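All remarks here apply to the structure that follows.
The values are calculated or read from the model by the stated rules, or taken from the named source; none is laboratory data. What you see is a predicted model; the values in this text were computed from it and never measured. Positions of Cβ are generated from backbone atoms using ideal geometry, with glycine treated the same way; all protein chains shown enter the neighbour counts. Only protein heavy atoms, including side chains, enter the accessible area calculation; ligands, DNA and RNA are left aside. Shrake-Rupley method; radii C 1.70, N 1.55, O 1.52, S 1.80 Å.
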Amino acid sequence: MREKRTIQASIFEGYAEHEIGRELKAMSDWLDTQLGLLDWVAADVKRCNVEETGRKGLSIESVLRCAILKQYRQLSYEELVFCLMDSASCQTFARLTMAWTPKRATLQSCISAISDVTWEEINQRLLHSAHKAKIEKGEMLRIDSTVIDSPIHDPSDSTLLWDSVRVLIQLLKRAEELAEGVTRIDYRNHQRVAKKRTRAIRYTRGRDKKAALYRDLIEVARKSLGYVEEAGIKLLAVMPFKPMACGKHNSIITSH
């Protein structure tokens, strides 16, 4: 079985007399009061248990502390390995046994096994402790994100206008289906014009030339919006309580 806690710490353990060292000491003291978190982490990493023979793996306590250290210092797994090898304060915080430094693959397999549910429990307990100590009320939430490649085009003004025209035409086509046999929906499809103007704006040089193209594109969008408003009036006249679905996105327009 993977050990849950480091049974006995070295008498030579200590933290550097530095702001980061003091922060690590305070974090360690808090974790020692939250031993119930080890059960949550143990449930997550049980599939990573080592064999009964051979070297023992990281204790559950060390897995959690290494994970927190990685997040606290915003380290990659390679950088985490170096910090655990190079820094006595990091070694002390992680409570590694027998001067053993785990490899990147070991750290990655164990830390990545910690679920989002467990991280939420850790966050809630930390927030509760901070609120009780009158350090943080937790009334504001910050969300971190990572930029990745996406098939969505850059949201420039011209492409947003083009998208608006495209969606408005979808609404008009749906309105035609709803009004079939009841009333006539009159409009012109300006999608091709909007697309041409958008491309021209992208490749045209010169502020005056771009301004003229933008005016045309805005006018096309206004006309398309006008068609939708007229269609809405006609539909409300013949079907006042029937919603109009917006294509595959399943949005609706209703009368209040």
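Keeping all protein chains in place and using 1.4 angstrom, which order do 128, 153 fall into by accessible surface area, from largest down? Each step should come with its number before you reach the end.
Values: 128 125, 153 80 Å².
Listed by decreasing accessible area, they come as 128, 153.
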Calculated FRET value between residue 233 and residue 180, using beta carbons and R₀ = 22 Å, to 0.05: 0.80
With all protein chains present, segment 106-176 has a carbon and sulfur share of its accessible area (1.4 Å probe) in percent of 56
Excluding residues fewer than 8 positions from residue 210 in its own chain, the lysines with Cα under 25 Å of it are 195, 196, 223
Peptides 155-162, 62-69 ordered by average Cβ neighbours within 10 Å, highest first: 62-69, 155-162
Would you work out the Kirkwood radius for segment 71-228? I mean one over the mean of 1/r across all pairs of different Cα atoms, in Å. 22.1
What trypsin sites (Lys or Arg not before Pro) in segment 89-118 are in a loop by DSSP, with at most 11 other Cβ atoms within 10 Å of the Cβ? 103
List the lysines whose alpha-carbon lies under 23 Å from that of residue 25, not counting same-chain residues fewer than 8 positions away? 4, 70, 132, 134, 137
Would you mind working out the magnitude of the charge dipole of segment 99-155 relative to its Cα centre, with +1 at each Lys and Arg C-beta and -1 at each Asp and Glu C-beta, to the nearest 20 Debye? 440
Per residue, how much accessible area does segment 80-136 have with a 1.4 Å probe, in Å²? 61
Calculated SAXS-style log₁₀ I(q)/I(0) at q = 0.17, 0.18, 0.27, 0.28 Å⁻¹ - segment 152-201, Debye, Cα scatterers: -0.57, -0.61, -0.97, -1.01
Pseudo-spin-label distance residue 101 to residue 152, built 7 Å along Cα→Cβ, given in nm, is 4.2
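How many Å³ per residue does the convex hull of the Cα positions in segment 178-220 occupy?
Normalising the Cα hull of segment 178-220 by residue number yields 67 Å³.
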Within segment 142-220, DSSP-loop GluC sites (Glu not before Pro) with at most 13 other C-beta atoms within 10 Å are 180
